[in-house]
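Peer 1: One structure coming up, written as structure tokens, with questions to follow.
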Amino acid sequence: MNKIREKVMQTNFTKALKRLIIVAFCVVVLGGGASAFLLCTQIGEAVTYVQQEEKSENEYDRQKEDGDWHGENREKRERYDKGHPDLENAITRPSTAAKAVVGITGMLCFLIGVGFWLLVAAWLYQAAVLAGMHGFLWFLLGLGGNVGAAVLFLLVRSLIRKKCEACGSYQSVKAQYCAKCGAALSAKCPQCGAACGKDDGFCHNCGKSFEQE
């Protein structure tokens with residue numbers, strides 16, 4: 001368990017996500033292209049079937065609007081409906097190779113989706129630990145909410161933590177100095193002593209200009 005935790009803490013998730021995106025792109029392009037090529041006959045038959053259905057329905061609607069829906073025309077329609085095959089019977093069965101390629105592509109896409117889901121949850125664990133928050137709790141939230149949990153984490157972290165500009169570690173919003181490197185996280189107004197931002201030009205409490213010092 002400790003080895004897994006150490007592995008997660010050492011992982012560069014930005015690089016991992018880029019690699020996953022590249023793999024997903026290759027699978028979609030290559031697998032999708034091969035599937036379309038092997039299923040071109042079935043795709044053409046499906047398009048033809050849909051076009052025939054639309055033509056038949058348009059003719060049916062026109063005849064009903066013209067009041068010409070009786071006798072011979074109605075009998076033709078009934079014979080057409082009885083003898084016309086449904087979509088499943090109108091398309092020839094795909095080859096074994098086509099089924100294999102589609103199945104493998106679908107499985108790879110599923111595995112990539114699972115990998116992305118776990119990647120987000122692992123990143124949440126790492127980010128929470130580095131921010132001094134409950135890592136395992138955010139890992140569980142990542143497994144359940146994924147991207148939604150990541151957005152929630154970023155919001156919560158921005159409210160209760162601030163980042164040290166010197167070393168990049170996260171500290172409590174109330175901290176005056178970084179507990180890791182000792183750098184000042186905020187400045188004090190020399191006139192009233194109020195805590196201000198290090199880049200502030202004026203004191204938010206008394207209006208003292210820091211540039212005059």
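What follows draws every value from the coordinates through simple rules; no lab data is involved. Quick caveat: nothing in here was measured; it's all calculated off a predicted structure. Here the Cβ positions follow ideal geometry from the backbone for every residue, glycine too, while neighbour counts run over all protein chains shown.
Peer 1: Taking other Cβ within 10 Å of each residue's Cβ, how do 123, 138, 117 sort, fewest first?
Peer 2: 117, 123, 138
Peer 1: Using θ = phi - 60° and the Karplus relation 6.51 cos²θ - 1.76 cosθ + 1.60, list the HN-Hα couplings for the range 109-119 in order, rounded to whole Hz, with x at every Gly or Pro.
Peer 2: For the range 109-119, the Karplus-derived couplings read 5, 5, 5, 5, x, 5, x, 5, 4, 5, 4 Hz, x marking Gly and Pro.
Peer 1: Given points 7 Å out from each Cα along the Cα-Cβ axis, report the residue 97 to residue 45 separation in nanometres with one decimal.
Peer 2: The answer from the label model is 1.7 nm.
Peer 1: Across the range 37-43, in residue order, what do the Karplus-derived ³J(HN,Hα) couplings come to in whole Hz, using 6.51 cos²θ - 1.76 cosθ + 1.60 with θ = phi - 60° and x for Gly and Pro?
Peer 2: Calculated HN-Hα couplings, in order: 5, 6, 9, 4, 5, 5, 5 Hz.
Peer 1: So, one more: What ranking do 125, 49, 177 get, fewest neighbouring Cβ atoms within 10 angstrom at the top?
Peer 2: 177, 49, 125
Peer 1: So, counting K/R as plus one and D/E as minus one, what does the shell of residues with Cβ under 15 Å around residue 180 add up to?
Peer 2: Computed value for this residue: +2.
Peer 1: With 10 angstrom as the radius, rank 157, 19 by how many other C-beta atoms surround their C-beta, starting from the fewest.
Peer 2: Neighbour counts put them in this order, fewest first: 19, 157.
Peer 1: List the residues whose amide H sits under 5 Å from the amide H of residue 202, counting only those 5 or more places along or on another chain, with H placed 1.01 Å from N in the peptide plane.
Peer 2: 210
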